[in-house]
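The values are calculated or read from the model by the stated rules, or taken from the named source; none is laboratory data. It should be emphasised that the depicted structure is a prediction, and the values quoted were computed from it without experimental measurement. Backbone-built Cβ (ideal geometry, glycine too); neighbour counts: all protein chains shown. In case anyone asks, the SASA skips ligands and DNA or RNA and just uses the protein heavy atoms, side chains included. Shrake-Rupley method; radii C 1.70, N 1.55, O 1.52, S 1.80 Å.
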Amino acid sequence: MNNNGDLSFGVPWTAHTPAAFPIPMYPVVAPYHADVDTRGTGSVWYRITQNATLLAKAANTISSLTGTSVDIQWLFIATWDHVGYYSYQTDKVYCSI
């Protein structure tokens, strides 16, 4: 989980400014792609779950958006909560609900 609201695989993506996709050499998923800075305020939370209710909700959402039936076995849930923006700006924060 990286500062800019993305999840990278294999290596951390340490750039402070969001870049356009695709990002060469950095396989990423960007659920909250922004100029996030977690050093001054806020928290980043994540969990992996196999909760049947959450799996069904995710499968229904994907199916309704894509028209494709999916069989989800687990979820990775990430939240950037009350985080500021670069550089150390804590007067404006993102609040997840």
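Give the residue that is farthest from TYR86 (Cα to Cα), with candidates limited to residues of the range 39-59 that are surrounded by 12 or more Cβ atoms within 10 Å (Cβ to Cβ) and among the polar types (S, T, N, Q).
For the range 39-59, the residue satisfying everything is ASN51.
Looking at ASP81 and the list (1) open to solvent by less than 80 Å² (accessible area, probe 1.4 Å); (2) modelled with pLDDT under 80; (3) among the acidic types (Asp, Glu), which single condition is not satisfied?
(2)
Go through (1) within 13 Å of HIS82 (Cβ to Cβ); (2) open to solvent by 80 Å² or more (accessible area, probe 1.4 Å); (3) modelled with pLDDT under 80 for VAL36 and report which single condition fails.
Only one criterion in (1) within 13 Å of HIS82 (Cβ to Cβ); (2) open to solvent by 80 Å² or more (accessible area, probe 1.4 Å); (3) modelled with pLDDT under 80 is unmet by VAL36, namely (2).
Show the residue pairs that are 6+ apart or on different chains and have beta-carbon atoms under 8 Å apart, the first residue being within the range 26-42 and closer than 20 Å to GLY10 by Cβ and free of Cβ contacts under 8 Å to residues at least 40 places away in the same chain, the second being polar (S, T, N, Q) and not in a loop (DSSP other than H, G, I, E, B).
The qualifying pairs are TYR26/SER8; PRO27/SER8; VAL28/SER8.
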